[in-house]
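Here is the structure we will look at, set down as structure tokens.
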Amino acid sequence: MGSAAPAPGEEPILVDLAAVGFEVGSLADLRRSGVRYREAIPVLVDWLGRASDPKVKGELVRALSVPWAKPVATGTVIDEFRAVDAEVDPTGTGLRWTMGNALEVLFDDADFDALVELAVDERYGKARQMVVLGLAKSKRPQAVDVLLGLVEDPDVDGHAVKALAKLRAPAAQPAFESKLGDSRAWVRSEARKGLDKLTG
């Protein structure tokens, strides 16, 4: 696989990464390197808070979408998720969704309250989908109640069903049954999986 060209604006970040031992041609190359770049995480987090270009932010977030970036990266990604300008991501399926995807990877009950706040805030639309799915990683009993409250939210209902299926939540049986007739095949499939785990 060849090297990816750096996005405009990445160069100063690459200089800082080289200073901590990661000489790469682009942030994408770092992400695909196969190396557990733990020592690079503080550099990436610092730049995520400073970068203004949405493309550079997106590359930084993708590079932080790794389990070893927690807990260092989690708070900053939460802050940046909230701060995305609606004009930059009007549909919630661009930069903010990418940040939500990172938060699913970084999900930890230490940040449960802040992550739930994002998951239930309808202003964030579809960008919440992977944050909602991240609730499946929670050990908190409240996670089930939060997810049950989202099974009729059209932007995230399928992801709530998928998370409830992963949690094997008995309280979700009526929700699973209600989604067996959903118009989306993948949601019907997740509802069936949830029911099979409860009754199988």
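Given a cut-off of under 8 Å on Cα pairs at least six residues apart, what relative contact order in percent is computed for the stretch 77-200?
Dividing the mean separation by the residue count of the stretch 77-200 yields 19 percent.
Taking neighbour counts of Cβ atoms within 10 Å as a proxy for exposure, in what order, fewest first, do Ser3, Ser178 appear?
Ser3, Ser178
So which of Lys55/Lys179; Lys70/Lys166; Lys126/Lys197 end up more than 29 Å apart, counting from Cα to Cα?
The answer is Lys55/Lys179.
Counting just the Cα atoms, what span does the stretch 24-178 cover along each of its three principal axes? Round to the nearest Å and put the largest first.
Its Cα atoms span 51, 33, 23 Å along the three principal axes.
State, to one decimal in nm, how far the label point of Gln142 lies from the label point of Ser33, with both points 7 Å from Cα in the Cβ direction.
For Gln142 paired with Ser33, the spin-label model returns 3.8 nm.
If you place +1 on the Cβ of every Lys and Arg, -1 on the Cβ of every Asp and Glu, and leave all else neutral, what size is the dipole of the chain about its Cα centre, to the nearest 20 Debye?
920
Check the straight Cα-Cα distances from Lys137 and name the aspartates and glutamates below 13 Å, setting aside those fewer than 8 residues away within the same chain.
By straight Cα distance, Lys137 reaches Glu104, Asp108, Asp109, Asp111.
Please compute one quarter of the surface area of the Cα convex hull for the stretch 1-64 and express it in square nanometres.
Computing the convex hull of the Cα atoms and averaging its projections yields 3.8 nm².
Plugging the Kirkwood radius over Cα pairs into Stokes-Einstein for the stretch 128-200, at a temperature of 4 °C and a viscosity of 1.567 mPa s, what D comes out in µm²/s?
112
Computed from the coordinates by the stated procedures, all read-outs in this text should not be read as laboratory data. It should be emphasised that the depicted structure is a prediction, and the values quoted were computed from it without experimental measurement. Cβ: placed from backbone, ideal geometry, glycine included. Neighbour counts: every protein chain shown.
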